[in-house]
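Report on one structure; see the data block that follows.
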Amino acid sequence: MTETALGLPALGTGRLFASAGPGLAAHEAAYGPPRTGWTREALLAELEASGLAGRGGAGFPAWRKLSSLGARRAVVVANGAEGEPLSRKDAALLTGAPHLVLDGLLTAAEALNASQLFVYAPAASLAGVAAALAERRDGRRVSLVESPGTFVSGEASAVVSALETGVALPRDSAARLTTAGYRGLPTLVHNVETLAQLALVARYGADWFRTAGTDDDPGTRLVSVSGDVPAPHVAEVPGGTPLRDILLGAGADPGSLAAVLVGGFHGAWVPAKALGRRATAAGLADYGARPGAGVLVALAAGRCGLAAAAPIARYLADSSARQCGPCTFGLPAMAAVLERIAAGERSPWLAAEAERLAGLVTGRGACHHPDATAGFVRSTLTVFRQEVRAHLDGHCTGAEGWRP
Ligand SMILES: Cc1cc2nc3c(=O)[nH]c(=O)nc-3n(C[C@H](O)[C@H](O)[C@H](O)COP(=O)(O)O)c2cc1C
Ligand code: SF4
């Protein structure tokens with residue numbers, strides 16, 4: 001996959017980057033002192049009232065996850081692995097606002113009376129966190145662990161495995177990490193943006209948090225916008241912002257686009273006619289899309305959607321941790337069928353074969369990777385239905401041909 005350089009939010013702007021610099025003095029000048037003395041019940045109540053949902057992909061309510069942990073020697077992990085190739089928001093936070101992430105981590109740890117705390121991220125991001133920890137007195141219990149940067153390295157059970165053994169491979173999802181995670185202890189794994197947002201909820205309260213965003217998507221969220229846009233960048237936007245407005249912010253003319261991939265490689269396509277939809281799970285439900293970790297990839301009109309999708313399916317197949325048969329063999333087979341359609345092979349059964357393989361792998365892995373990959377392939381076959389038909393008839397609707 002080719003990587004795009006994404007512009008980062010200017011320091012001193014928005015909620016998450018309000019600090020003029022990554023240092024502690026600038027952080028405290030921007031946000032004031034953190035509120036301490038959190039009990040589990042008090043933090044639970046504030047999080048529930050805030051409506052904060054996880055920013056790592058699944059969008060699970062933060063209070064629910066916290067409520068499933070007792071206060072028995074819990075472990076709290078800030079997940080900054082950011083295995084998604086087109087996401088830059090977590091690196092932006094860890095380098096630009098490391099103290100906000102640490103405030104969130106330490107607040108959750110205080111509420112859970114946690115004994116061990118981790119920040120797990122690529123080496124380039126950990127340097128800024130180490131510098132931030134050296135500035136604070138409350139960070140002695142925080143350990144830094146390097147993530148390898150592979151696509152599955154940020155899956156929660158792979159995170160725990162990496163912390164325990166140094167090998168970032170997903171484990172059987174039957175065991176809930178909140179019950180038995182790191183070394184058998186109840187473990188809270190949160191995305192680093194979730195923890196930064198949690199720090200804001202803890203400091204200013206749920207009512208303040210809800211002054212941005214909508215009832216069903218309160219607060220702000222970070223989005224990494226790339227693809228066919230003039231200014232690929234990470235932006236902080238209010239929850240519930242329409243896709244069109246996010247694209248305008250990246251300098252794109254929404255009328256010039258064919259579709260947008262929402263939620264990254266594990267996401268789904270939303271066609272141009274629906275760009276007025278709000279970037280929320282409810283707003284995009286018809287397309288099986290949700291904001292996920294906030295990745296938007298624009299596809300220009302005239303580009304072939306199948307040619308764009310096939311390399312992503314191949315990348316996802318290559319990213320299998322090769323532990324479960326259906327994932328190891330099913331994903332490459334599915335990617336190969338999509339590649340054949342994209343390349344213009346005129347075998348009418350190919351579309352049904354891709355659907356069949358998507359059905360075969362779904363629900364058959366230890367982690368969510370095969371399901372999400374099947375979801376991406378299904379979305380491609382649905383949103384680019386006309387392109388599939390055209391390819392199988394021997395021509396491509398993309399004015400620019402078979403461009404990847
Ligand atoms: C294949 C795969 C890769 C994932 N990669 C990441 C990642 O890089 N960062 C992340 O925060 N969550 C990632 N997740 C989601 C995590 O499993 C987990 O849901 C998340 O860290 C929980 O944080 P949240 O509650 O703050 O969203 C991934 C999930 C899957 C299935
Ligand atoms: S489903 Fe795939 S990625 Fe997940 S654990 Fe099994 S082989 Fe690894």
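The values are calculated or read from the model by the stated rules, or taken from the named source; none is laboratory data. As the structure is a prediction and not an experimental result, all values here were calculated from the model. For neighbour counting, all protein chains shown are included, and Cβ atoms are generated from backbone atoms with ideal geometry for every residue, glycine included. Accessible surface is based on the protein model in full, side chains and every heavy atom, while ligands, DNA and RNA are left aside. Shrake-Rupley method; radii C 1.70, N 1.55, O 1.52, S 1.80 Å.
Using alpha-carbon pairs under 8 Å, 6+ residues apart, how would you state the relative contact order of the range 12-138 in percent?
Here the relative contact order equals 31 percent.
Quick one: which residues, 5 or more positions from A259 or on another chain, have an amide H under 5 Å from its amide H? H modelled 1.01 Å from N in the peptide plane, none for Pro or chain starts.
Excluding prolines and chain starts, which carry no amide H, the hits are A272, L299.
Compute the semi-axes of the equivalent ellipsoid of the range 178-289, taking the square root of 5 times each eigenvalue of the Cα gyration tensor, and list them largest first in whole Å.
Gyration-tensor ellipsoid for the range 178-289: 29, 18, 14 Å.
From the P(r) of the range 293-404, can you give the percent of Cα pairs sitting at distances over 23 Å?
26 percent
Give the whole-number value, in cubic angstrom per residue, of the convex hull volume spanned by the C-alpha atoms of the range 24-209.
Dividing the Cα hull volume of the range 24-209 by its residues yields 105 Å³.
Given a 1.4 Å probe and heavy atoms of the protein chains only, how would you sort H395, H266, H99, largest accessible area at the top? Please report the intermediate quantities before stating the final value.
Working: H395 95, H266 65, H99 0 Å².
Order by accessible area, largest first: H395, H266, H99.
Could you give the nm distance between label points at Q386 and A180, where each point is 7 Å from its Cα heading toward the beta carbon?
Inter-label distance under the simple model: 5.4 nm.
On a 1.4 Å probe surface of the protein chains, which of K273, K65, K89 comes out largest in accessible area, and what is the full order?
From most exposed to least exposed: K273, K65, K89.
For every other residue with a beta carbon closer than 12 angstrom to the beta carbon of T220, add +1 if it is Lys or Arg and -1 if Asp or Glu, then tell me the sum.
Charge balance in the 12 Å sphere: +2.
From the phi angles alone, apply the Karplus equation (6.51, -1.76, 1.60; θ = phi - 60°) to the range 319-324 and give each ³J(HN,Hα) in whole Hz, x where the residue is Gly or Pro.
Residue by residue, the range 319-324 yields 8, 4, 7, 6, 10, 10 Hz.
Rounded to two decimal places and with Rh computed the Kirkwood way over Cα pairs, what is Rg over Rh for the chain?
0.98
Return one whole number: the accessible area per residue of the range 217-300 in Å², for a 1.4 Å probe.
Numbers: 2500 Å² over 84 residues.
It amounts to 30 Å² per residue over the range 217-300.
Find the Cα radius of gyration of the range 97-147, compare it with 2.2 N^0.38 Å by division, and give the number to two decimals.
1.05
Could you do me a favour and compute the accessible area per residue for the range 24-209, 1.4 Å probe, result in Å²?
In whole numbers, the range 24-209 has 37 Å² accessible per residue.
Rounded to the nearest 0.05, what FRET efficiency is calculated for R73 and A352 with R0 set to 41 Å and r the Cβ-Cβ distance? Spell out each step's value before the answer.
Numbers: r = 52 Å, r/R0 = 1.27.
The pair R73/A352 has a calculated efficiency of 0.20.
Going by average Cβ density within 10 Å per residue, which order do the peptides 47-54, 357-364 take, highest to lowest?
47-54, 357-364
Please compute the per residue accessible area over the range 305-392 with all protein chains in place, 1.4 Å probe, rounded to a whole number of Å².
Using a 1.4 Å probe on heavy atoms only, each residue of the range 305-392 averages 39 Å².
Sorted by packing (mean other beta-carbon atoms within 10 Å per residue), highest first, where do 219-226, 125-132 land?
Output ranking for 219-226, 125-132: 219-226, 125-132.
Give the relative contact order (percent, whole number) for the chain; include only Cα pairs under 8 Å separated by 6+ residues.
16 percent
With θ set to phi - 60° and the Karplus curve 6.51 cos²θ - 1.76 cosθ + 1.60, what are the ³J(HN,Hα) couplings of the range 249-265 in order, to the nearest whole Hz, using x for Gly and Pro?
Each residue's phi maps through the Karplus curve to give x, 9, x, 7, 9, x, x, 9, 9, 8, 6, 10, 8, 9, x, x, 5 Hz.
How long is the gain from A282 to T39 if the chain were fully straight, where each residue apart is worth 0.36 nm and the alpha carbon distance is subtracted?
Working it through step by step, the gained length comes to 84.2 nm.
Ignoring everything except DSSP H segments at least 4 long, calculate the 222 nm mean residue ellipticity for the chain; use -39,500 (n - 2.57) per segment, divide by total residues, nearest 500.
Dividing the helical sum by the residues of the chain leaves -11500 deg cm²/dmol.
What is the dipole size for the range 217-300, taken about its Cα centre, with +1 at each Lys and Arg Cβ and -1 at each Asp and Glu Cβ, in debye to the nearest 20?
In total the dipole reaches around 160 debye.
Tally up the carbon and sulfur contribution to the accessible surface of the chain as a whole percent, 1.4 Å probe, everything protein left in place. Spell out each step's value before the answer.
Numbers: 8420 of 15590 Å².
It is 54 percent, rounded to a whole number.
Over the range 233-334, what is the relative contact order in percent, taking alpha-carbon pairs closer than 8 angstrom and at least six residues apart? Working shown, then result.
Working: 135 pairs, mean separation 24.5, N = 102.
Once normalised by length, the contact order is 24 percent.
Only residues of the range 287-325 count here: report those whose backbone N is under 20 Å from the spot 7 Å along Cα→Cβ of T165, or say none.
Under 20 Å, as judged by backbone N against the label point of T165, lie 319-325 of the range 287-325.
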